[in-house]
1. Among the numbered criteria (1) modelled with pLDDT of 95 or more; (2) part of a helix (DSSP H, G or I), which one does THR39 miss?
2. Return the residue satisfying two criteria in turn: it lies in segment 4-15 and is outside any strand (DSSP E or B) and at pLDDT below 90, and of such residues it is surrounded by the most Cβ atoms within 10 Å (Cβ to Cβ).
3. Can you find even one residue in segment 71-78 that is surrounded by 17 or more Cβ atoms within 10 Å (Cβ to Cβ) and in contact (Cβ under 8 Å) with a residue 60 or more places away in the chain?
4. Out of curiosity, is SER18 outside any loop (DSSP other than H, G, I, E, B) and surrounded by 15 or more Cβ atoms within 10 Å (Cβ to Cβ)?
5. Please go through segment 48-65 and pick out each residue that is without any contact (Cβ under 8 Å) to a residue 40 or more places away in the chain, surrounded by 12 or more Cβ atoms within 10 Å (Cβ to Cβ) and within 15 Å of ALA29 (Cα to Cα).
6. Looking at segment 22-29, is at least one residue closer than 21 Å to ARG73 by Cβ, buried (at least 17 other Cβ atoms within 10 Å of the Cβ) and in contact with a helix residue (DSSP H, G or I) (Cβ under 8 Å, 6 or more places away or on another chain)?
7. So if I check each of VAL58, VAL68, which one is part of a helix (DSSP H, G or I) and either closer than 26 Å to GLU3 by Cβ or in contact with a helix residue (DSSP H, G or I) (Cβ under 9 Å, 6 or more places away or on another chain) (or both)?
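The values are calculated or read from the model by the stated rules, or taken from the named source; none is laboratory data. Quick caveat: nothing in here was measured; it's all calculated off a predicted structure. Please note: Cβ atoms are built from the backbone with ideal geometry, for glycine as well, and neighbour counts cover all protein chains shown.
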Amino acid sequence: MLENKVMIILGATGGIGSEVAKKASKLGAKLVLVARTSTDLKELESKLEHAISIQADVTNPDDLKRVVERVLRTSVKLMS
């Protein structure tokens with residue numbers, strides 16, 4: 001169902017975000033994990049297949065722009 005779909009998860013290190021990421025990974029999604037805390041983010045990324053992480057505060061317009069730019073640059077990489 002989610003196989004080869006790119007999924008962006010904001011708040012990926014929180015309770016709900018982390019569980020969504022784990023479930024989506026098991027269903028074959030390619031994940032873009034976004035959270036404010038980089039250490040928790042890297043730890044979660046290391047446990048999942050086909051995931052990249054981006055440390056950002058999406059309430060900050062510059063961070064949000066950076067997230068979008070990185071997703072656009074790496075979506076092809078995630079799909080392979």
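1. Result: THR39 fails condition (1) only.
2. Step one: filter segment 4-15 for residues outside any strand (DSSP E or B), giving 4-5, 11-15.
Checking the rest, the ones that are also at pLDDT below 90 come to 4-5.
On the way: ASN4: 10, LYS5: 14.
Here the answer is LYS5.
3. Yes, because at least one residue in segment 71-78 is surrounded by 17 or more Cβ atoms within 10 Å (Cβ to Cβ) and in contact (Cβ under 8 Å) with a residue 60 or more places away in the chain.
4. Criteria met by SER18.
5. Passing the criteria: LEU48, HIS50, ALA51, ILE52.
6. No, because not a single residue in segment 22-29 is closer than 21 Å to ARG73 by Cβ, buried (at least 17 other Cβ atoms within 10 Å of the Cβ) and in contact with a helix residue (DSSP H, G or I) (Cβ under 8 Å, 6 or more places away or on another chain).
7. VAL68
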